[in-house]
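Coordinate-derived values only; no laboratory data. What you are looking at is a predicted structure, and each value in this text was computed from that prediction instead of being measured. Glycine also receives a Cβ, built like all others from the backbone with ideal geometry; neighbour counts cover every protein chain displayed.
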Amino acid sequence: MEEVVTRGNKVVYRDGDSLVKVFNDAKPASDVFNEALNLARVQETGINTPDPVSVSQVDGDWALVTTFIPGRTMAELMDENPDKEDQYLMQFVDFQLDIHAHTAPLLQRQKDKYTRMIQSLTDVLDATTRYELEMRLDGMPNETHVCHGDYNPSNVIVAEDGTLYACDWAHATQGSGACDAAISYLLFALTSKERAEKYLDLYCKKSDTPKQIVRTWMSIVAASELSRRRHEADEFLLQWVDVVDYQ
Ligand SMILES: Nc1ncnc2c1ncn2[C@@H]1O[C@H](COP(=O)(O)OP(=O)(O)OP(=O)(O)O)[C@@H](O)[C@H]1O
Ligand SMILES: [Mg+2]
């Protein structure tokens, strides 16, 4: 097997026509089966994704096997061709809107997921802040669009014929596209504020979404990301939580 990438808690291999994502021993089996189930549900809607193949164990560690999509990630292409950034961002947003145009009634609900994440942040956010965020979340509209939940250029593969595929469905939910856009914005902003703003302009324009709605979601998802990311991003994320008025 040929190694594709190594991350903190996993190694991704290519094995012929298959992509094998091997998680380390700390990964609960339920998370791996959940990612596989999300992928299967999303793939059945017709969105371009790798095909699910199997969940298995490799030397005692859980592994998710999917088909391998030959091509480059949009992150690699953006790095290699800075002059084409605008063109890639357009394709990136168009594909995200295509994803949001699908529904998958059995996917986890976005509001349930973020409520749970906010409630778990007892060591980072005080009760007042958590309550404010929960109230904001509660006030957001109930929508049922397929949302990737970690939509960034490293999770978009541009196949050799130019078709886009989205991988990495561990965080998928059904809910509001504006919430999904808030996550993408924050992921861009971690490395480039300028690219993040460009992305947001495009998303709001193409989807006819008011920026204020995405900004409200940012406070909610920034808080939730606190429970997921390694701590180097905490300060950055906390500034987006931005609920000082209520303390
Ligand atoms: N089916 C696939 N075909 C080709 N390349 C893939 C495929 N799935 C993943 N990759 C490559 O492997 C990389 C990592 O895979 P993936 O995004 O699923 O894991 P991850 O980012 O480490 O997961 P997470 O974001 O959940 O921590 C991708 O950025 C992409 O380069
Ligand atoms: Mg990824």
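Between Ala40 and Ala101, the contour length at 0.36 nm per residue exceeds the alpha carbon distance by 20.2 nm. Once the C-beta distance of Asn142 and Ser192 is scaled by a Förster radius of 35 Å, the resulting FRET efficiency is 0.60 to the nearest 0.05. Among the GluC sites (Glu not before Pro) in the range 101-210, those located in a DSSP loop and surrounded by at most 11 other Cβ atoms within 10 Å of their own Cβ are Glu160.
Computed over the alpha-carbon pairs of the range 44-121, the distance histogram in 10 Å steps reads 13, 25, 35, 25, 1 percent, short to long. Here the extension length gained between Ser120 and Arg72 equals 13.6 nm, from 0.36 nm per residue of separation less the Cα-Cα distance. Dividing the radius of gyration of the alpha carbons in the chain by their Kirkwood radius gives 0.95 for Rg/Rh.
Candidate cross-link partners of Lys27 among the lysines, defined by an alpha-carbon separation under 27 Å and a same-chain spacing of 8 or more, comprise Lys10, Lys111, Lys113.
Were the residues from Asp112 through Val55 laid out at 0.36 nm apart, the gain over their Cα-Cα distance would be 17.9 nm.
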